[in-house]
Ligand code: SF4
Ligand code: SF4
Ligand code: SF4
């Protein structure tokens, strides 16, 4: 028993030192790039989210003009950060649209759950065969939930035209 306690104590100490001294460092440049991205997590840049795109730009394998949600503002900010010349948004990746959030037309929702897995930020609430709804405060406007809906009851609404459904808010305090 004493031997076991000693063993686990030494193991804990070893793991602690390993975590302290062999800590994997992040990429500071990717961090700065990521901080300038809109965090829509839409994948339009051909990467599975803003962080992978930031790492690709930092690594020189993606260009600064592949983020449609960020548009010209993001391109300008990235160009300044990286000390390169700004360039127009590459239309191959899409075009910049008005900031919007998803809205579920509740009376049409059949509760199929198909919109939930694609949402990168878990902004959709619902259960099987029950009405679903979007937590507007969490929605990034990525539109990834639109195509999977079999009854087309998810629509995008400009941020300035929030319907009354969105007036309730979630508090985490
Ligand atoms: S296109 Fe822009 S907002 Fe969308 S995932 Fe890529 S970096 Fe993020
Ligand atoms: S609710 Fe739809 S539009 Fe909003 S973040 Fe989720 S998948 Fe994207
Ligand atoms: S995919 Fe459409 S019908 Fe299915 S739960 Fe989501 S909103 Fe409702």
| Length-normalised contact order of segment 28-93 in % [C-alpha pairs under 8 Å, at least 6 apart] | 30 percent
| said: For a quick size check, give me the Cα extents of segment 100-164 along its three principal axes, largest first, whole Å. | reply: 30, 23, 17
| Order of 76, 85, 133 - criterion: other Cβ atoms within 10 Å of each residue's Cβ, fewest first | 85, 76, 133
| Where the Cα atoms of segment 28-93 are projected onto their three principal axes, how long is each span, largest first, in whole Å? | 26, 25, 19
| message | Quick check on the exposure proxy: order 105, 124 from fewest to most C-beta atoms within 10 angstrom. | response | 105, 124
| request: For residue 79 and residue 95, compute 0.36 nm times the residue count separating them, minus their Cα-Cα distance, and round to one decimal in nm. | output: 3.9 nm
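FYI, it's all coordinate maths here, none of it is from the lab. Since the model is a prediction, treat every value here as computed from it, not as a measurement. Quick reminder, even Gly has a Cβ in these numbers, built from the backbone with ideal geometry, and neighbours come from all protein chains shown.
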